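Only the coordinates and a few stated rules stand behind these numbers; no lab work does. If you're wondering where the values come from, they're calculated on a predicted model, not measured in any experiment. Backbone-built Cβ (ideal geometry, glycine too); neighbour counts: all protein chains shown.
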Amino acid sequence: MKTLKIKLVTFIGVVLITLGASAQIDRSQMPEAGPEPTINLEKPKESKLKNGITVMVVENNKLPRVSYQLSIDNKPLVEGDKAGVASLLSSMLGNGTTSISKDDFNEEVDFLGASINFGSSGGFGSGLKKYADRIVELMADATINPLLTEEEFQKEKDKLVENLKTQEKDLSAVSSRVVSALAYGKDHAYGEFITEETINNVTFQDVKDLYKKTFAPNNAYIVVVGDIEPKEAKKQIKKYFGDWKKQDLSEVSDPELTENVSTTEINFIDLPNASQSEISITNNVSLKQSDEDYFAALMANNILGGGGEGYLFKNLREDKGYTYGAYSSLGASRYGVSRFDASAKVRNAVADSAVVEFIKEIDLIRTEPVDPEILKNAKAKYVGNFVMALERPQTIANYALNIKRNNLPEDFYANYLENINKVSAEDVLDVSKKYFKVDNARVVIVGKGSEVVENLDRLGYPIQYFDKYANPIEKPEFKKELPEGVTVSSVYDSYIKAIGGNDVVSTFNNMMMKGNASVQGMSISFTRKLTKDGKMLELVQMNGNTLSKQVFDGEKGFTAAQGQKTDYTEQQVEDAKIMSGLFSEQKVSESAELTGIESINGEDAYVIRLTENIREFYSVDSGLKLATETTAEQMGQKMTSKLMYSDYTNKNGVMVPMMLSQDLGPQTIDIKIEEVTFNDGVTASDFE
């Protein structure tokens with residue numbers, strides 16, 4: 001009883017305290033903002049080694065960790081017909097030294113719980129303070145005595161070529177390449193790009209020469225941040241980096257600012273496989289961190305397209321539902337050579353409307369003062385992100401380097417927030433007019449021309465056409481007339497004939513295909529089983545564990561993934577019935593419609609619409625099926641994906657595609673078929 005009474009008294013006391021506290025708070029009023037955060041970035045202790053290395057140390061004893069950032073202050077190089085040398089050097093550095101093998105090097109880094117990585121102009125290492133000496137030693141060894149071998153060169157070269165092939169159909173990769181090339185020019189350090197041809201021009205000697213020519217201590221910085229005294233840090237750097245020999249460095253010119261177009265124009269790149277269009281509205285700018293209007297420019301871009309609260313996002317995502325996200329960026333360069341860019345991926349059907357809305361929002365921030373509340377909120381968010389970023393050692397190291405390399409005042413970051421908060425609505429208006437050149441911009445669009453260009457023509461902007469490598473071309477022929485007499489039946493007949501003929505395909509009752517693919521470095525297996533009477537199984541596994549499974553028994557079906565089983569909808573059942581069978585082309589669905597000729601990977605194809613959500617493509621020349629396109633609704637938006645068929649090979653008298661390429665948004669997964677069997681390996685239990 002006593003215990004109960006004590007608990008009851010305690011409970012009542014807590015309630016009274018809570019009520020008392022609530023009574024003293026006026027919840028109708030917004031709490032007052034706290035004091036402005038004070039940015040106290042300690043000035044780095046600086047020294048210089050005889051070989052030219054500038055050592056900068058920022059002592060921070062919060063955690064027993066130390067980080068080392070090596071930055072070699074090289075100007076951007078134009079690589080020309082050997083573009084890719086720097087990329088190959090980056091991939092080879094940090095993988096062992098002349099005295100430590102690649103495996104032993106990586107194994108020791110893992111054992112220390114450290115992180116060491118390199119690029120073509122520096123490296124970064126971090127770990128616990130107690131291992132700091134060894135981390136610096138490993139970094140120095142990898143810097144001064146890198147293990148550059150012909151074998152590793154060839155391996156990285158093959159890997160890079162394979163990545164380039166994968167990017168051929170990647171919307172974002174094509175857009176990024178072409179936008180930079182058109183903005184700066186293909187012979188500019190910021191505009192050139194890597195191709196399979198330029199990579200094949202690169203020799204192992206080129207990589208070694210680039211290392212000797214650019215990886216030198218003459219103009220190197222090492223920024224040390226963490227639980228270490230400046231004297232100790234300098235002693236470490238001198239001990240392990242002191243023998244790094246100076247090199248005779250060739251003189252490199254500063255990159256030059258390229259002029260903008262005289263009037264806004266559309267630059268269109270046709271990507272026939274694209275299920276979306278990527279839009280980039282861009283113009284070149286001359287902006288440095290040392291410029292007086294730098295902070296106003298930061299806030300203007302933040303308000304326009306810096307995130308979910310930006311003009312662009314609110315319009316194109318929240319209001320119109322054209323895209324998952326619309327953003328902008330405004331670069332600042334020590335050379336005064338950079339770009340403004342506003343971009344988004346949108347549905348092909350609304351590409352023209354999205355351009356109109358982009359221009360409207362950019363014009364709005366250039367002509368109307370920003371609402372004071374919007375400016376206030378934008379500043380608050382920016383300040384919060386800035387303060388959070390200071391928790392990362394790399395941020396502090398980068399700030400120290402920025403001050404040094406960009407000739408900024410020593411109190412640049414100490415006064416950063418004060419300068420942000422000084423920005424007025426008038427300042428935002430002024431810099432928007434100066435840097436967002438809506439009347440001299442390139443509207444670069446990569447998308448499916450047959451679905452986009454006709455509407456773009458109505459916007460009134462001149463349209464220039466380019467290929468995937470930024471070469472000017474004549475306007476492609478997006479829509480071709482169907483030859484007289486071509487029907488769904490004739491296209492299907494040509495397909496059946498192309499794969500082996502009706503007499504051969506009719507002898508099979510079922511088929512099994514097995515293959516493998518690599519997704520983000522992980523190997524997955526793929527199994528597909530089909531029967532003549534319309535049953536289907538698709539199974540995707542990794543290490544024997546099921547990632548996804550689809551089953552259709554001819555009348556009903558389901559999808560299983562991540563432990564969740566979802567039955568087919570009525571529409572999915574109808575779609576599955578239309579596409580069912582070993583070779584669905586042996587029958588003609590009532591809903592099937594021949595809609596035209598489109599290009600698939602540069603090859604003309606007849607397009608047959610099976611349902612509102614499914615289209616199939618058959619080569620005009622060979623008759624073979626090239627792709628199946630499926631449209632589904634996700635998060636209130638219609639998303640389209642393609643399954644591409646290639647590498648047809650004779651199996652049991654039938655031509656079967658041995659490569660299936662599935663595009664999943666910006667990513668394409670290539671499934672290499674390893675095994676195909678007919679009338680074997682399929683049982684009734686597969687479809688339960």
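Check which residues have an amide H placed less than 5 Å from ALA627's amide H, if you skip close sequence neighbours.
Answer set, sorted by chain and number: PHE617, TYR645.
Just to check I understand the Karplus step: with θ = phi - 60° and J = 6.51 cos²θ - 1.76 cosθ + 1.60, what whole-Hz values come out for segment 257-265, glycine and proline as x?
6, 8, 5, 7, 5, 6, 8, 4, 9
Which of GLY554, VAL285, ALA274 sits farthest toward the positive end of the charge dipole of the chain, with +1 on the Cβ of Lys and Arg and -1 on the Cβ of Asp and Glu?
Going by the charge dipole, the pick is VAL285.
So I have [x] 152; [y] 246; [z] 162, and one of them is volume of the Cα convex hull per residue in Å³ calculated from this model. Which one is it?
Computed from these coordinates, volume of the Cα convex hull per residue in Å³ corresponds to label [y].
Once both axes come from the Cα atoms, what is the angle between helix 372-389 and the longest principal axis of the chain, in degrees from 0 to 90, rounded to 10?
Around 80 degrees separate the two axes.
Could you give the dipole magnitude of the chain about its Cα centre, charging the beta-carbon of Lys and Arg +1 and that of Asp and Glu -1, in debye to the nearest 20?
Result for the chain is approximately 2580 debye, rounded to the nearest 20.
Give me the angle, in degrees from 0 to 90, between the Cα long axis of helix 294-305 and the longest principal axis of the Cα atoms of the chain, rounded to the nearest 10.
Tilt of helix 294-305: around 30 degrees.
Filter the cross-link list LYS102/LYS130; LYS102/LYS245; LYS169/LYS213; LYS186/LYS246; LYS62/LYS231; LYS246/LYS404 down to pairs whose alpha-carbon distance in this structure exceeds 26 Å. Could you put the intermediate results ahead of the total?
Details: LYS102/LYS130 24 Å; LYS102/LYS245 24 Å; LYS169/LYS213 35 Å; LYS186/LYS246 32 Å; LYS62/LYS231 19 Å; LYS246/LYS404 21 Å.
Over 26 Å Cα-Cα: LYS169/LYS213; LYS186/LYS246.
Could you tell me how many degrees, from 0 to 90 and to the nearest 10, lie between the Cα long axis of helix 393-405 and the main elongation axis, the longest principal axis, of the Cα atoms of the chain?
Its long axis makes an angle of about 70 degrees.
Provide MET536, MET388 in ascending order of the number of other Cβ atoms located within 10 Å of each residue's Cβ, fewest first. Spell out each step's value before the answer.
Values: MET536 20, MET388 10.
Ranking MET536, MET388 by Cβ neighbours within 10 Å, fewest first, gives MET388, MET536.
Using a 10 Å cut-off around each Cβ, can you sort TYR492, TYR240 from fewest to most neighbouring Cβ atoms? Can you show the working numbers first?
Working: TYR492 23, TYR240 20.
So the ranking, lowest neighbour count to highest, is TYR240, TYR492.
Would you calculate, for the chain, the mean residue ellipticity at 222 nm contributed by helices, counting each DSSP H stretch of 4 or more residues as -39,500 (n - 2.57) and dividing by all residues, to the nearest 500? Working shown, then result.
Details: 19 runs with 227 residues, N = 688.
Mean residue ellipticity, 222 nm, calculated: -10000 deg cm²/dmol.
Near ASP248, within a Cβ-to-Cβ distance under 11 Å, what is the net charge of the other residues, with Lys and Arg +1 and Asp and Glu -1? Before the final figure, lay out each step's value.
On the way: positive: LYS212, LYS213, LYS245, LYS246; negative: GLU251.
Around ASP248, the surrounding residues sum to +3.
Tell me, what HN-Hα J-couplings in whole Hz come from the Karplus equation 6.51 cos²θ - 1.76 cosθ + 1.60 at θ = phi - 60° for each residue of segment 472-479, using x for Gly and Pro?
x, 9, 6, 4, x, 8, 7, 10
In whole Hz, with x marking every Gly and Pro, tabulate ³J(HN,Hα) for segment 505-520 from phi via Karplus 6.51 cos²θ - 1.76 cosθ + 1.60, θ = phi - 60°.
Values, residue by residue: 5, 6, 7, 9, 9, 7, 8, 10, 10, 10, x, 9, 8, 10, 10, 6 Hz.
In a shell of Cβ-Cβ distance under 15 Å around LEU459, excluding LEU459 itself, what net charge do Lys and Arg (+1) and Asp and Glu (-1) give?
Details: positive: LYS360, ARG442, ARG458; negative: GLU265, ASP352, GLU357, ASP363, ASP439, GLU454, ASP457.
Residues close to LEU459 contribute a combined charge of -4.
Based on the Cβ-Cβ distance of GLU318 and GLU570, what FRET efficiency does E = 1/(1 + (r/R0)^6) give at R0 = 25 Å, to the nearest 0.05? If you can, show how the numbers build up before the last one.
Numbers: r = 32 Å, r/R0 = 1.27.
Efficiency, from the Cβ-Cβ distance: 0.20.
Return a whole-number percent for the relative contact order of the chain, with Cα pairs under 8 Å and 6 or more residues apart as the contact set. If you can, show how the numbers build up before the last one.
Working: 1269 pairs, mean separation 85.5, N = 688.
Relative contact order, the chain: 12 percent.
Mean separation of Cα pairs under 8 Å and 6+ residues apart, divided by the residue count of segment 45-241: what relative contact order is that in percent? Each step should come with its number before you reach the end.
On the way: 324 pairs, mean separation 83.9, N = 197.
Contact order relative to length: 43 percent.
Please report ILE269, ILE116, ILE463 as a ranked list, fewest other C-beta atoms within 10 angstrom at the top and most at the bottom. Before the final figure, lay out the partial values.
Values: ILE269 26, ILE116 20, ILE463 15.
If I rank by nearby Cβ atoms, fewest first, I get ILE463, ILE116, ILE269.
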